[in-house]
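Remarks on the structure that follows.
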Amino acid sequence: MNDRARLLLELADDELILGWRNSEWTGIAPFLEEDVAFSSIAQNEIGHARALYELAARELGTDADALAFDRTLEEYRSAPLVELRRLEWARTIARHWLYETADAVRLEALKASDDPEIAGLAAKMDREETYHRIHAEMWLDRLLAAPEGRTRLEEGLRELWPYALGVLDDELRPVFVERVRARLPFELPDVEPVPRGRHEAELKELLGEMTMVRRSAPTGARW
Amino acid sequence: MIWEVFRQERKGQPFVHGGSFHAPNQAFADAYAREFYARRQESVALWIVPREAITAIEEFPDEFDLKYRRVDGYSIKERLREARERAGTASTDGAR
């Protein structure tokens with residue numbers, strides 16, 4: 001697999017798995033308005049994943065569904081940050097904010113890519129991600145504004161920090177670290193990133209659930 | 001805190017009340033209004049107003065039955081035709 005396909009799959013897998021994880025809040029988010037908003041963000045992420053898989057599929061001579069559903073666990077390129085399951089709300093917001101902040105750095109780099117298809121898709125995704133960032137930032141402010149929210153957010157951020165560091169490569173990571181540190185009123189430690197390519201145990205369970213319909217229907221079935 | 005949303009479906013059309021929701025502040029209200037009333041491109045613009053900023057007026061006394069002030073009070077058609085004739089701009093269909 002060439003670097004271009006690998007890059008596209010990393011992005012697509014991150015968006016698909018995070019979209020799936022965020023959609024696990026549908027129906028049980030802290031209140032109705034947030035339920036709708038967070039579910040909508042999850043749908044957007046899955047839409048981005050589809051567009052990215054389609055681009056990768058042309059490179060690899062397959063189709064988007066095959067890439068999303070038919071690969072083995074080891075073939076997924078998602079960052080461990082997006083694979084973690086059943087985080088309570090403050091941790092969900094911590095992950096959401098860390099991911100969106102990292103993703104912004106990554107999209108800025110991709111928009112400047114020499115590859116017009118990748119640059120174009122990154123620009124298109126970024127127009128939606130802008131609102132995801134606004135959503136993440138408003139929640140960050142909200143949690144930081146009250147002692148309980150701040151404590152719980154801080155715990156979540158500390159726990160997820162090594163995972164967040166693993167979303168970006170060595171070249172882009174310093175920009176991300178700088179932005180996170182400039183934004184938070186407390187320090188996060190210097191730690192080793194949890195690298196991409198290693199998978200959290202929860203991913204296996206997620207893939208089982210996510211591919212259930214696909215596996216139950218003959219290949220090529222349409223609905 | 002409750003927010004009222006008014007939505008415009010197409011440019012140039014009036015804003016119509018769309019509904020209401022809970023949000024703790026303006027930032028949340030903006031985000032939720034987007035998701036509730038525009039994520040399917042069903043609005044071209046939204047007005048988001050804290051309910052407490054709206055002044056409701058409900059008492060309108062009408063003690064002397066001034067029916068000539070009401071649109072259905074009496075017909076203006078005949079008077080309009082006469083006025084047009086006087087002004088020399090009589091319209092052939094008379095009703096316009």
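General remarks:
- Equivalent ellipsoid, region A:1-59 (semi-axes from 5 times Cα gyration tensor eigenvalues, Å): 29, 9, 6
- Bridgeable lysines around A:Lys111 (alpha carbons under 22 Å apart, same-chain partners fewer than 8 residues away excluded): A:Lys124.
- Going from the fewest other Cβ atoms within 10 Å to the most, the residues B:Ile48, A:Ile134 appear in the order A:Ile134, B:Ile48.
- Around B:Gln41: net Lys/Arg minus Asp/Glu count, Cβ-Cβ under 15 Å: +3
- When the P(r) is computed for region B:1-51, the part past 13 Å accounts for 49% of the Cα-Cα pairs.
- Relative to the dominant Cα principal axis of chain A, helix A:89-111 is inclined by about 60°.
- Counting only alpha carbon atoms, the long axis of helix A:32-60 and the longest principal axis of chain A meet at about 40°.
- When the Gaussian network model of chain A links Cα atoms closer than 10 Å, the mean-square fluctuations of A:Leu73, A:Leu55, A:Leu121 top out at A:Leu73.
- Charge context of A:Arg85, other residues only, Cβ under 9 angstrom, K/R +1, D/E -1: -3
Read-outs: derived from the displayed coordinates by stated rules, not from any lab. Worth saying up front: this structure is predicted, and the values here are computed from it rather than measured. Virtual Cβ from ideal backbone geometry, glycine too; neighbours counted across all protein chains shown.
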